[in-house]
Structures are given as C-alpha cells and as structure tokens.
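The values are calculated or read from the model by the stated rules, or taken from the named source; none is laboratory data. Bear in mind the structure is a predicted one, so any value in this text is a computation, not a measurement. Every residue, glycine among them, receives a Cβ derived from its backbone with ideal geometry; neighbour counts consider all protein chains shown. Side chains are part of the model used for accessible areas, which takes the heavy atoms of the whole protein and leaves out ligands, DNA and RNA. Shrake-Rupley method; radii C 1.70, N 1.55, O 1.52, S 1.80 Å.
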Amino acid sequence: MTEQSSRDPRPRPWSPDGPRPQVRLTHQDRDAVAEVLREAYSKGQLEEDEFDERLDQAMRAKVASDLAPLTEDLGVRPFTEGGAPGRPEGEGFGSKGGRRRYAADLRGMRTDNPLEKVGSGLSHASAYFFPLLGPLLVLLISSDSTPFMRKHALEALNFQLFWIIAMAVSAVLSVLVLPILILVAVALGGLVLPVIAAATNIMGNGWRYPFTYRLIKGDDD
C-alpha cells in the first residue's frame, strides 16, 4: 500500500482487482454485494428501479468481473480475498471471526422486497403445516436469487429440525428423568417462536431463533 493510499480515508470503488477475477463466485460473494446495494438504496444513492436491476444482475453474476459495474460508482472498498466489499478488513467474509459474526447476526438484515418478506415468512410458518419441507422448497427457489430469503429459510429449517429432535429427546427424558415441564416448554417454544419469526420477516426485518443449535451450516458459516 502506498503512502498516499494509507493517508486517504475514503473507500475506493469496488472492482474485481483481486488476484483471481475470473474465479466463479459463491453465494457469500453475491450476498456481500447485495448488502452493499441495499445500503446504497437506503442512503438514496440508487433509485428503486436501479436497485432492483443491479440486485438481479448481482444474483446472476458468475465471476467477479461481472460485479464491478454494479458498485464502482457507490464508493465502497474493493473486493479482495481478505474482505467483502464495503466492509473493513478483518470483518468481511474472508475473515473467520468476522464472517461468523456477520452470518450469525440475521437480526441486522432488512428488506423492502415483498417477495422476500412473504417467502421468508412462509418458511417459518411452514412449521405448522409442512415442517422441514417448507423451508427446503424456499431454499430451492431462492438458491440463486435473494440472500434474505435464503438465509432465513435456512434459519427456519435449522429451527424445525432442532425442535423435532428436542421434542423427541424431551419426551424420552421426561419419562425417565426430567419432569414433564421440560417437554411442555419445548412444545410451547415450537408453537410460539415460528409465529414471531414469520411476523418479523413479513415486516421486512431479520430474525434469529434463540436457544437453537444449527445443524445445517450455510456457505458463509
């Protein structure tokens, strides 16, 4: 890094000037650019039609060079293997600790897209009708499109899987060792929490289930 660039506090435009610009992109690469576009839209840098068009292009991008025109006029940091665009070094997806903190904090995600709101909400509400199958279907239709919907469908899938296992274990232990109140508490959690999660997503906000061990990891976990 030159002396001039070290003194300049302004972020440089994102561009595929990393060491391997033609390497195929991952979901986490597309998600990072999607978050930059969302922030730019919330700040008024992009109009709604511009945001929708750029987000669609970002989700369909194949290599890093496809993403350069989408963010080069937004004043964010370049994409490198050590950090995601628009994020300080050491806190991007290339940083193990930063990646986990960012991926885990689904509550910080926001969306104004009605499709994302409904799709994410349905993935949680499916716990009452099609447990496990509902989130899996949402994951299939959102695998190459919306990071908000995909991440919350994965969260719903993890909760439903964990809840089914917890119910089975609690039922056995309530007979052998633990009082039946443990089973009742687990059952109530499975009935109440998906409602809260679905309502939160419908309002366009992120959600993360408490007391849940995530058996299925995302590609940025």
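Here is the list for segment 152-221: chymotrypsin sites (Phe, Trp or Tyr not before Pro) lying in DSSP coil, each with at most 15 other C-beta atoms within 10 angstrom of its C-beta, are PHE211, TYR213. Relative protection proxy for 37-50, 112-125, 188-201, from highest mean packing down: 112-125, 188-201, 37-50 (other beta-carbon atoms within 10 angstrom).
Residue-wise HN-Hα couplings along segment 44-53, as the Karplus relation 6.51 cos²θ - 1.76 cosθ + 1.60 with θ = phi - 60° gives them from phi, are x, 6, 10, 6, 4, 5, 5, 4, 4, 5 Hz; Gly and Pro carry x.
Averaged per residue, what accessible area in Å² does segment 22-64 show with a 1.4 Å probe, protein chains only? Intermediate results must be reported in sequence, preceding the final value.
Details: 2340 Å² over 43 residues.
That works out to 54 Å² per residue.
For segment 119-209, what % of the accessible area comes from carbon and sulfur atoms, probe 1.4 Å? Roughly 85 percent of what the probe reaches on segment 119-209 is carbon or sulfur. Rolling a 1.4 Å probe over the protein heavy atoms gives segment 151-221 an accessible area of 53 Å² per residue.
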